Protein chains: 2
Amino acid sequence: MTEKRQLNIEVESMHYQKLLIAIDDDDTISSKRAFNYACTLAKAYQIPLGIVSILETGDLNIYQSLSPNVVEGRREEIAADLDAYVQKAKEFGVEDVTPILNEGNPGHVIVEEVIPSFQPDLVICGSKTKPSKHLIGTHASYLAKYAPCSVTVVR
Amino acid sequence: MTEKRQLNIEVESMHYQKLLIAIDDDDTISSKRAFNYACTLAKAYQIPLGIVSILETGDLNIYQSLSPNVVEGRREEIAADLDAYVQKAKEFGVEDVTPILNEGNPGHVIVEEVIPSFQPDLVICGSKTKPSKHLIGTHASYLAKYAPCSVTVVR
């Protein structure tokens with residue numbers, strides 16, 4: 001027979017104060033849901049929302065990475081998309097929106113540079129739709145493991 | 001000059017419909033925050049909350065696992081704690097609370113058995129406070145990687 005144990009817990013309301021949404025242009029389905037979720041939370045609690053997009057320099061092959069035009073073109077594309085995301089968030093009703101553009105390996109850059117600088121207490125990211133043991137949202141997984149704050153991986 | 005690109009996104013409100021909180025008795029700090037967060041969401045949106053606790057059979061060494069008394073004692077302890085969590089959630093204002101008790105490897109059991117059966121669209125779990133590259137919430141990390149639904153790792 002189990003007796004009634006006293007647990008040292010008193011439930012308290014808990015809300016996040018500052019959100020960061022990581023945009024991944026290559027993953028439209030879960031990325032879109034993640035963006036919806038981030039905007040919903042930021043609007044409901046009237047908290048600041050950072051939108052970060054990373055130019056994945058590892059995406060470009062060596063030939064391309066040697067061509068400044070290719071990199072510059074991709075950077076401009078990402079910057080334009082980022083502007084569009086900021087605009088959409090504001091139209092939805094999020095008042096405090098900060099665009100953050102960086103480059104390198106997304107997981108590393110977000111954990112090592114973006115989070116320490118922007119200081120969100122929750123990072124939201126998509127995850128390449130349904131996972132299998134062979135197809136994992138690498139960046140999402142890295143964030144969930146190494147971010148110093150809470151992380152929501154949206155599927 | 002970046003030109004205004006048209007992004008095919010229209011922001012929509014997004015809320016989760018059914019939550020699962022994974023309780024870890026060994027990790028009181030982030031586990032407590034995770035429990036607070038799960039109760040806050042479940043109450044705010046008036047959605048069902050499942051509370052799952054797993055008897056980690058791998059925790060017990062071979063000598064102990066051969067003793068039915070040790071395993072049974074631990075199982076009763078966990079069942080009593082689970083009851084207490086359910087009670088606390090209800091007192092906080094969550095109406096629909098389901099206790100789920102299972103045993104084995106927490107990550108595997110939750111992904112392979114609990115989620116398919118309970119069908120939450122968001123799993124919330126703690127993560128052994130601040131991570132380092134050598135001390136990771138193994139179960140949290142596993143859930144974030146392999147759960148078929150969204151996962152929030154709380155720190």
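Please treat every number below as a calculation from the coordinates, not as lab data. Note that the coordinates shown come from a computational prediction; the quantities given were computed from them, not determined experimentally. When we count neighbours, we look across all protein chains shown, and the Cβ atoms used for this are built from the backbone with ideal geometry, even at glycine.
Quick look at the numbers
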{"item": "Residue exposure sequence - B:Ser30, B:Ser127 - by fewest surrounding Cβ within 10 Å", "result": "B:Ser30, B:Ser127"}
{"item": "Shortest-first nm distances, B:Ile29 label point to equivalent points in other copies (7 Å, Cα→Cβ)", "result": "3.8"}
{"item": "For A:Asn102, label point 7 Å along C-beta direction: distances to other copies, nm", "result": "3.6"}
{"item": "FRET E, pair B:Asp121, A:Leu101, Förster distance 25 Å, beta-carbon r, rounded to 0.05", "result": "0.20"}
{"item": "Order of B:Glu10, A:Glu77 under a 10 Å beta carbon neighbour criterion, fewest first", "result": "B:Glu10, A:Glu77"}
{"item": "Computed label-point distance, nm, for sites A:Thr138 and B:His15 using a 7 Å Cα→Cβ extension", "result": "3.8 nm"}
{"item": "Set of the range B:83-107 residues, backbone N closer than 12 Å to the point 7 Å along the Cα-Cβ line of B:Thr57", "result": "B:102-106"}
{"item": "For B:Thr138, inter-copy label distances in nm, listed shortest first [label point 7 Å out on the Cα-Cβ vector]", "result": "2.5"}
